[in-house]
Amino acid sequence: MVRFSRLIVPGATTNRMLKKTALHSQHAALGARLVDFAGWEMPIQYASQLEEHHAVRRDAGMFDVAHMAAVDLAGANARAFLRRLLANDVARLGVGGKALYSCMLNPAGGVIDDLIVYFLAQDFYRLVVNAGTTVKDLAWLHDQAQAFGVDVRHRSDLGILAVQGPAARAKVAAVLPPALAAQALALPVFHAAWEAERFVARTGYTGEDGFELILPHDELVEVWQALLAAGVAPCGLGARDTLRLEAGMNLYGQDMDETVSPLECGLGWTVAWDPADRDFIGRAALQAQRAAPPRKLVALVLSGRGILRAHMPVRGAGVVGETTSGGFAPTLKGSIALARLPASAAAPYQAQIRGEWVAARAVKPPFVRHGRVLV
C-alpha cells in the first residue's frame, strides 16, 4: 500500500464542533474519510489517494477548498495599501483580472501568510488566503487597512472549488455559462475572469493546469455535481498534499511560518525589491538577510530505500537541518522532501530514517510539472 505524506494540520484539535463547507453532504455521500483540518471537517481521501493523485496528473480532479477565504479590499487607496502590505508589488498588475502570488510579512520578515491577490479595478482587489490563517489574517488586514481607509470584507458568502489536470479547463468550461466559459478558456495563466459573483481563475496548487472557481455556496454544489457527472474525480487533502509537494510548493505552517522569511523557504523570487523606496512591511528585516540568509530550503530526492517525512534530520557538509515536508511521490515512484538547513549546507546530503543515514540528492524544484518528471 502506498504511504502518503503525513499532513501537519494547522490548528487541528479534537472534541470540538467542526465547521463544514457547502460541499460537506457531497463528501459524505461519496463515503469520504473526513478529518479535522484547521477547524473544518474536510475529506482527506475518497476511495484511493493514489487514484486521486493520478487522476489530476492524467485527466482532471476537483478539490473542495471552500475552507479557504476570499477577502475583498475596496477603496481609493487599495493599491497603496497592498504595496505596503505585501512583499510582492501589486503595481505589476496592470491588467484587470491579473493575479500575483505574494507573502504577507510581519516586521521581522516572517511569513504571516502566503496568498494570491487579484487586481479587479484600481480601487478593488481580491485576496485568497489560507484556511488555518484566516482569523489572524483578517485581524492583521483590518489593523493595517485603517491608515489607508480601505474596506476589508471577508466573503464568507462565497466558496472555492479547485479543478486541476490536463482536461480540467475543458471540463469546467462545459458547465459554465457560455459567455463566462469563453472568457475562461481565453485566460492566460494567473489571470481571472468573472460574471457577477462567478469568478474563475487560471491558478492552482498541483503543478497542473486548471481553474479555481469562487462561487456562491449553492452554485458550488451545482458545479460539483455537474463535474462529477462529467467524470472529474473528487480528490481529498491527501492527494492535494502529494501533488503540491511534487510541484515543489510550500505548505503554510509546515514549510514556512512567522519565524521563517521568504528568503529561507525558497520564495525569494516573490519579493519585489524595486523600486527601492517601496517600504513594505518586513523590508528592513529582509534587507538585512538579503546578502546571506541564515537558512535555505533544499529539495531532495531519496536515493536509498525509505520514506521521507516531515521533521526528519537532514545533514549536508557537516551541518544538520530537518525536512519540512516529505512523502512518497506517486509520479516519481520514490520519496521526496523539502528541507531547511543552515546556509552552509552542501552536498552530499543524507536524511536520517529510523536511525540510519540514507543518501539523498539535491534537485531544483519542481519535481513534476504538467505531468512530466523534471528531476
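The values are calculated or read from the model by the stated rules, or taken from the named source; none is laboratory data. Everything quoted here is computed from the prediction, not taken from an experiment. Cβ coordinates were reconstructed from backbone atoms using ideal geometry, including for glycine residues, and neighbour counts include every protein chain displayed. These accessible areas exclude ligands, DNA and RNA; they are computed on the full protein's heavy atoms, side chains included. Shrake-Rupley method; radii C 1.70, N 1.55, O 1.52, S 1.80 Å.
Checked against (1) open to solvent by 50 Å² or more (accessible area, probe 1.4 Å); (2) among the β-branched types (Val, Ile, Thr); (3) at pLDDT 95 or above, residue 35 meets all criteria but (1). With respect to the conditions (1) out of contact with any Pro (no Cβ under 7 Å at 6 or more places or on another chain); (2) in a helix (DSSP H, G or I); (3) farther than 28 Å from residue 346 by Cα, residue 228 lacks only one, and its number is (1). Candidates are the residues of the stretch 239-250 that are within 19 Å of residue 363 (Cβ to Cβ) and aliphatic (A, V, I, L, M); the one that is most open to solvent (accessible area, probe 1.4 Å) is 249. Screening the stretch 269-282 for residues that are in contact (Cβ under 8 Å) with a residue 24 or more places away in the chain and within 23 Å of the chain's Cα centre (by Cα) and picking the one that is nearest to residue 100 (Cα to Cα) gives 270.
If you go through the stretch 251-261 and keep only what is out of contact with any helix residue (DSSP H, G or I) (no Cβ under 8 Å at 6 or more places or on another chain) and either surrounded by fewer than 24 Cβ atoms within 10 Å (Cβ to Cβ) or β-branched (Val, Ile, Thr) (or both), you end up with 254, 257, 258, 259, 260.
Here residue 220 fulfils each of the conditions (1) open to solvent by 10 Å² or more (accessible area, probe 1.4 Å); (2) closer than 22 Å to residue 28 by Cβ apart from (1). When the stretch 148-177 is examined, which residues are found to be surrounded by fewer than 16 Cβ atoms within 10 Å (Cβ to Cβ) and either free of Cβ contacts under 8 Å to residues at least 24 places away in the same chain or closer than 22 Å to residue 225 by Cβ (or both)? Correct list: 157, 170, 174, 177.
The set of residues from the stretch 188-217 being open to solvent by 60 Å² or more (accessible area, probe 1.4 Å), hydrophobic (A, V, I, L, M, F, W, C) and not in a strand (DSSP E or B) comprises 189, 196.
With respect to (1) open to solvent by 10 Å² or more (accessible area, probe 1.4 Å); (2) at pLDDT 95 or above; (3) more than 21 Å from the chain's Cα centre (by Cα), the lone exception for residue 96 is condition (2).
Taking the criterion of being outside any helix (DSSP H, G or I) and open to solvent by less than 50 Å² (accessible area, probe 1.4 Å), would at least one residue in the stretch 132-140 satisfy it? No, because not a single residue in the stretch 132-140 is outside any helix (DSSP H, G or I) and open to solvent by less than 50 Å² (accessible area, probe 1.4 Å). Within the stretch 322-339, residues that are over 14 Å from residue 362 (Cα atoms) reach partners that are modelled with pLDDT under 95 and open to solvent by 30 Å² or more (accessible area, probe 1.4 Å) with beta carbons closer than 8 Å, at six or more positions or on different chains, in the pairs 327/3; 327/6; 328/2; 328/3; 330/2.
Given the criteria acidic (Asp, Glu) and free of Cβ contacts under 8 Å to residues at least 60 places away in the same chain, does residue 241 qualify? First the steps, then the outcome.
Working: acidic (Asp, Glu): yes; free of Cβ contacts under 8 Å to residues at least 60 places away in the same chain: no.
Taking the combined requirement at face value, the residue does not satisfy it.
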